[in-house]
Structures are given as C-alpha cells and as structure tokens.
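Q: One structure, as structure tokens, below. Some questions next.
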Amino acid sequence: MPDAANGRGSGQRQMSPEEKAAFEGRISELGERLDRVKAQRGADAEAELDAEMRGRGMAYGMRMAAELVGAVIVGGLIGIGLDWWLGTKPWLFLLFFVLGFAAGVLNVVRAYERMQKEIMARTGGKIGHSVPDED
Amino acid sequence: MPDPIHQFEIHPIVPINIFGWDVSFTNSSLFMLLAVLLTAGFFIVSMRTRSLVPTRLQSLAEVTYEFVAGMLRESTGHAGMQYFPLVFTLFVFIFVCNMMGMIPGFFTVTSHIVVTAALAALVFLTVLVVGFAKNGVRFLKLFVPEGVPIVILPLVVLIEVISFLSRPVSHSVRLFANMLAGHITLKVFGGFVVMLLGAGTFAALAPLPLLMAVALTALEVLVAFLQAYVFTMLTCMYLNDALHPGH
C-alpha cells in the first residue's frame with residue numbers, strides 16, 4: 001500500500017515544475033481552442049437562421065406588397081367597369097379605388113396576423129437577437 | 001450586354017392551329033410536360049418497393065407527402081383532407097417548375113403570369129364552388145363580419161368583397177413576380193461578369209459580380225421552395241374559408 005502510493009506519488013512528483021507548467025499550458029490552450037470551435041459553431045447556426053429569416057423576410061415583403069397592390073387594382077377595375085356600365089364616369093372609379101385601398105390594408109393586416117403566428121410557431125417566439133425582458 | 005428578358009420568350013415548337021386559335025406546343029408547354037413527367041416518374045419509381053422500412057427515395061416521397069398533408073391538416077382540419085390531391089399536385093407542380101427553372105438554360109414556367117393566374121383561378125373557383133356546395137347561402141357570411149354596426153355594414157361588406165376578389169390577384173402575382181425578378185437579377189449579374197471580362201484591366205473586378213451571382217443562386221433556390229410553400233399555404237387557408245366560413 002505505501003509502496004503503491006509511493007509509486008503513484010513519485011510518478012506525479014516526477015513531473016518537474018516546468019513540465020507541469022507546460023502541461024497546464026497545453027490544457028488551457030486546448031480549452032481555448034475548444035471554446036473557439038464552439039463559438040464558431042454557434043455563430044454558424046445563428047448566421048444560418050439569420051440568412052433563412054432574411055430570405056423569408058423578402059418573401060414576406062413581396063407578399064405584403066402583392067396583398068396591398070392586388071386589392072387596389074381589383075377595386076379600381078371594378079370601379080372602371082361599373083362606370084363604363086352605368087355611365088357615371090369617373091365617380092364610381094374614385095369610390096372603388098378608395099375602397100380597394102381599404103381592402104388592401106385589411107389584407108395586409110390579416111396577412112400580418114397569420115405571419116406573426118407562423119413565425120412564433122417556427123422560432124418559439126425568438127425573432128432576431130433576444131433582448132432581455134425588463135422585469 | 002445579354003438581354004435579361006430573352007430567357008422568358010415563348011416560341012412554338014410544334015405549331016398547332018385549331019379554328020383560328022393558336023394552341024401551339026411551345027417551350028413553356030414542353031417544360032410543364034417535363035415537370036409532370038419528372039414528378040410522376042419520381043413518385044412511381046420511389047414508391048415501387050412500398051417497403052415498411054423505406055429506401056432513401058421512398059422516404060423522400062413520404063417526407064413530401066407528410067409535409068403537404070401536415071400543412072393542409074393544420075389549416076383546414078380533417079375536413080380539408082378531401083382536397084389533398086389538389087393541394088399536393090399544386091405544391092409539387094410549382095416546386096418542380098421553380099426548381100427546374102434554376103437549371104441554367106431551362107425555361108421557368110412559373111415566371112409567366114398566365115400560368116400562375118391559371119393556377120390561382122383554379123384555386124379561387126374551387127373555393128367558390130366548394131364554399132357554396134358545402135354551406136349554401138351561409139358561405140356569404142364570409143363577407144359579413146360579426147359585431148359591425150348596421151350603419152357601416154354596407155361599406156364593410158363592399159370592402160370584404162373587394163378583399164375576397166383580390167385574392168387570386170395577389171395569389172398569382174406573388175409567385176410570378178418572385179420568379180421573374182429573381183431570374184432577371186441572376187441574368188443581370190451574370191451579364192456583368194461577361195461585360196467586365198471584356199473590359200481590359202477592369203476584368204480584375206469580374207469575380208465580384210460572380211460572387212454575387214453565386215450568393216443569389218443560393219437565395220433563389222430558397223425562394224423557389226418558399227414560393228411553392230407560400231402558394232400552397234394560401235391555398236389551404238382559402239380552402240379553410242370555404243369549409244368553415246364565419247371565422
């Protein structure tokens with residue numbers, strides 16, 4: 001028993017101070033490298049999600065523009081059609097153009113509500129960089 | 001500079017004329033046919049084994065099925081599964097057309113509004129027919145939101161009707177505009193590379209637009225999928241309105 005302890009002890013004791021310093025240096029260096037790799041990996045994943053969200057953002061932007069413009073065009077066309085039919089140029093066009101705009105805003109609001117739900121479901125409520133809550 | 005619009009030109013391959021109507025088999029028809037054949041071929045080959053433990057191809061087909069089925073079930077409930085064939089066909093057709101368009105030299109069918117408008121009109125008419133068939137006059141409740149004072153109700157109903165009628169417009173414009181804009185941008189950046197290479201010392205700058213073109217290609221692949229997804233998602237939502245009007 002004392003022999004074994006001695007053996008191990010001497011094994012450790014044989015590590016001279018310089019060797020020990022070198023060993024610890026290696027360990028801390030390894031730790032640093034690991035941290036770097038981990039940080040890199042985290043950044044990669046974040047950048048990937050970021051790029052994906054940006055691609056989605058562009059798609060969403062196009063969607064909003066189409067929702068708004070589509071309704072204005074349809075409203076205007078209905079107005080022109082009714083004017084042409086009833087001979088009330090240009091009053092119904094003006095009226096339906098404005099109504100079309102209202103419908104467009106309604107479309108955008110509805111699309112936004114759906115979008116919000118979708119994004120919340122996808123990211124678990126975390127969009128972009130998280131900001132700590134005030135409370 | 002190469003013309004960025006040239007890629008969207010339609011030219012007849014087999015001219016056909018029926019009673020004065022030009023119904024030629026064009027390059028657009030060719031790529032639609034290719035998309036359909038590719039899709040049908042893929043599903044026939046991948047599902048041939050029908051094993052309990054799927055092969056790689058089979059799981060690809062199953063993932064596609066699960067993806068669309070999940071989307072439809074989520075937005076319309078179980079009642080919507082009746083329209084699964086329509087929704088699945090729309091998704092796969094648009095997705096394959098978009099993706100084929102990403103191959104250089106290929107024609108992008110979905111970059112023409114006549115194609116996307118036809119698809120959107122199909123969805124719109126399906127919603128109308130299904131809505132009236134399932135709910136009768138109650139379908140019109142879609143245009144009458146609850147809790148609106150009677151005084152402004154006519155105005156609100158008018159706005160709701162215009163909003164409803166604008167659906168096929170935005171539905172089709174979105175897909176077509178995305179594909180058109182994406183392909184033009186790609187072509188323009190590709191053109192910059194060629195122009196810079198032929199501009200003496202400025203040729204050193206040529207890698208810059210090339211890098212941009214590479215990045216844009218990646219983005220376009222994402223857009224190609226996303227737009228197919230968005231089109232299908234909206235189809236599901238509109239079907240939901242037809243099945244359950246009033247909320």
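Q: For B:M71, B:M81, what ranking results if the residue with the fewest other Cβ atoms within 10 Å of its Cβ goes first?
A: With the sparsest Cβ surroundings first, the list reads B:M81, B:M71.
Q: Using a simple spin-label model with points 7 Å from Cα along the Cα→Cβ vector, what separation in nm is obtained for A:R41 and B:M47?
A: 3.9
Q: Additional query: For chain B, set up a GNM with springs between Cα atoms under 10 Å and report which of B:G200, B:G80, B:G190 has the largest fluctuation.
A: Fluctuation is largest for B:G200.
Q: Using Cα-Cα distances under 8 Å and only pairs 6 or more residues apart, what relative contact order does chain B have, in percent?
A: Relative contact order for chain B comes out at 26 percent.
Q: Based solely on its DSSP helices, what 222 nm [θ] is calculated for chain B when runs of n ≥ 4 H residues each add -39,500 (n - 2.57) and the sum is averaged over all residues, nearest 500 deg cm²/dmol?
A: One gets -23000 deg cm²/dmol as the mean residue ellipticity at 222 nm.
Q: What percentages make up the Cα-Cα pair-distance distribution of the range B:1-127 when the bins are 10 Å wide from 0?
A: That works out to 11, 32, 33, 18, 6, 0, in percent per bin.
Q: Using 1/(1 + (r/R0)^6) with R0 = 51 angstrom and r between the beta carbons of B:I150 and A:R33, what's the FRET efficiency to the nearest 0.05?
A: Efficiency for this residue pair is about 0.10.
Q: What does the convex hull of the alpha-carbon atoms of the protein assembly as shown project to on average, in nm²?
A: Averaged projected area of the protein assembly as shown's Cα convex hull equals 38.5 nm².
Q: If I model a spin label as a point 7 Å beyond the Cα along the Cα-Cβ vector, how far apart are those points for B:V194 and B:F25 in nm?
A: Placing both labels 7 Å beyond Cα along the Cβ direction yields 3.0 nm.
Q: Using the Kirkwood radius built from alpha carbon pairs, what does the Stokes-Einstein equation give as D for the range A:2-123 at 20 °C and 1.002 mPa s, in µm² per second? Display every interim value, and only then the final one.
A: Working: Rh = 20.9 Å.
Answer, rounded: 103 µm²/s.
Q: Tell me which trypsin sites (Lys or Arg not before Pro) from the range B:1-70 have a DSSP coil assignment and no more than 14 other beta carbons within 10 Å of their own.
A: On the way: sites: B:R48, B:R50, B:R56; in loops: B:R48, B:R50.
Sites meeting the loop and neighbour criteria: B:R48, B:R50.
Q: Just to be sure I understand: with springs between alpha-carbon atoms less than 10 Å apart, which residue in B:N17, B:N135, B:N178 has the highest mean-square fluctuation in the Gaussian network model of chain B?
A: Answer for the Gaussian network model of chain B: B:N17.
Q: Once you order the gyration tensor axes a ≥ b ≥ c over the Cα atoms, which shape class does chain B get: rounded for a/c under 1.5, otherwise prolate or oblate by comparing a/b with b/c?
A: Details: a/c = 1.91, a/b = 1.51, b/c = 1.26.
Prolate shape, in that a/c is at least 1.5 and a/b is the bigger ratio.
Q: In percent, what relative contact order does the range A:2-123 have, based on Cα pairs under 8 Å that are 6 or more apart in sequence?
A: 19
Read the figures in this text as sums done on the coordinates, not as results from a lab. Fair warning: this is a prediction, and the values are worked out from it, not measured in the lab. When we count neighbours, we look across all protein chains shown, and the Cβ atoms used for this are built from the backbone with ideal geometry, even at glycine.
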